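Read the structure below first, then the notes.
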Amino acid sequence: MTNIFLRRATKVDLPLIRQLAERIWWEHYPSIISDEQIGFMLELIYSDSALQQQMEEEGQEFWLPEINGKVLGFLSVSRKGEGDYFIHKFYLDTRERGFGTIVFELLLARYPDLCELRLRVNRRNFKSVNFYFKVGFRIEYCIDMPIGEGYVMDDFQMVYPCSPYTPIPIS
C-alpha cells in the first residue's frame with residue numbers, strides 16, 4: 001500500500017527543495033524555455049536566500065509530498081486574502097499516474113477556508129496546463145511578465161473556484 005501525505009517544510013528543508021528544483025526543472029523545461037533562462041530562473045527563485053525570503057518574508061508555506069517516506073516534489077502556497085490563496089510552486093518528481101491529483105487533493109484539505117485558488121503556468125507547458133484543467137482550474141487571463149535579463153514569463157493565470165473546500169474525485 002502506498003502512503004502519500006504532505007509534510008510542511010521548514011528552513012531545514014530548503015536545500016532539499018533547491019535540489020529537487022534543479023532536477024525537475026532541468027528534466028522538464030528544456031523543451032519549453034532556453035537553458036540560459038532555466039539557469040537564470042533557478043538562481044532567481046531557488047537560491048538559498050530567495051527560498052528563505054519566500055518562506056519567512058513573503059509568507060509562502062512550503063509542502064513536501066512524501067510517498068512511503070520519500071520526498072517526491074514540493075509545493076508552495078500563500079494566502080492573498082480571506083479564503084483566497086495562490087499556488088507559487090507545484091512540482092512533482094514522479095510520473096506515477098494519478099499522483100498529481102492525489103497531491104492536489106491533499107493540498108486542498110490543508111486549507112479548509114479555501115474559496116479561490118490561483119496559479120500561473122507557462123502557456124507552452126501543455127502537460128501542466130492539461131493537468132490543471134483536469135482538476136478544475138480554468139484560464140483567467142494571459143500574462144507576459146518581464147523577470148530580468150531580457151527574459152519574459154508568458155503564462156496563463158488560472159483559477160480554481162470552490163466554496164468552501166470542495167473535494168475533487170480521485171480516480
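For region 5-22, filtered to residues that are within 15 Å of the chain's Cα centre (by Cα), charged (D, E, K, R) and assigned to a helix (DSSP H, G or I), the residue that is farthest from residue 63 (Cα to Cα) is 22. Restricting 97, 7 to those that are in contact with an Asp or Glu (Cβ under 7 Å, 6 or more places away or on another chain), over 29 Å from residue 142 (Cβ atoms) and either of a type in the set (Lys, Arg) or at pLDDT 95 or above (or both) reduces the list to 7.
Each row is one residue, and each column tells you yes or no for (1) acidic (Asp, Glu); (2) out of contact with any His (no Cβ under 8 Å at 6 or more places or on another chain); (3) modelled with pLDDT under 95.
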| position | (1), (2), (3) |
| --- | --- |
| 77 | no, no, no |
| 81 | no, yes, yes |
| 114 | no, yes, yes |
| 118 | no, yes, no |
| 122 | no, yes, no |
| 131 | no, yes, no |
| 156 | no, yes, no |
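For region 23-39, the tally of residues that are more than 15 Å from residue 74 (Cβ to Cβ), part of a helix (DSSP H, G or I) and of a type in the set (A, V, I, L, M) stands at 1.
The values are calculated or read from the model by the stated rules, or taken from the named source; none is laboratory data. Keep in mind the model is a prediction, meaning the values are calculated, not measured. Here the Cβ is made from the backbone with ideal geometry for all residues, glycine too, and neighbour counts use every protein chain on show.
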